[in-house]
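Below is one structure, written out as structure tokens, with a few remarks after it.
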Amino acid sequence: MEWPWIDWFLVYVHRFDAVGQDATQLDILKRAKRASNQRLGDIVPLSQLHTFVHLIPRFGQTADCQLTQYNSMELSNEFYLNKYFNKNTYFPLSLA
């Protein structure tokens, strides 16, 4: 049997929901989760991605003492979307 996606590059992507902005004027993203508290994500063809984005963990008043530079992206649930990362992301996001 011939698979139609045999020569495609596939990537796993996490889903995030935009929940607003704060005084930093950066969008706040929260990990999307199912009712069972499992993270939402999917496998998509690489050709459907437009650009990568720069996420910064949002710690709140105090950071969890378990977080390190190696696991903070995996263990955090809220992030800032850094629209100042480069001009290709700044211009489209600043118009919204």
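Brief remarks follow.
- Count - residues of segment 23-54 that are exposed (fewer than 11 other Cβ atoms within 10 Å of the Cβ) and in contact with a Lys or Arg (Cβ under 9 Å, 6 or more places away or on another chain): 2
- Every listed requirement among (1) in contact with a strand residue (DSSP E or B) (Cβ under 6 Å, 6 or more places away or on another chain); (2) among the aromatic types (F, W, Y); (3) exposed (fewer than 10 other Cβ atoms within 10 Å of the Cβ) is met by W3 save one, (1).
- Screening H50 on (1) without any contact (Cβ under 8 Å) to a residue 24 or more places away in the chain; (2) over 18 Å from the mean Cα position of the chain (by Cα) shows it passes everything except condition (2).
- Here the strands (runs of 3 or more DSSP E) wholly within segment 34-96 that include at least 2 residues being aliphatic (A, V, I, L, M) and at pLDDT 85 or above are 41-45, 55-57.
- Options F16, F9: the member that is surrounded by 12 or more Cβ atoms within 10 Å (Cβ to Cβ) and of a type outside the set (S, T, Y): F16
The values are calculated or read from the model by the stated rules, or taken from the named source; none is laboratory data. Bear in mind that the values here come from a model prediction, so they are computed numbers and not experimental data. With ideal geometry, Cβ positions are generated from the backbone for all residues, glycine too; neighbour counts draw on all protein chains shown.
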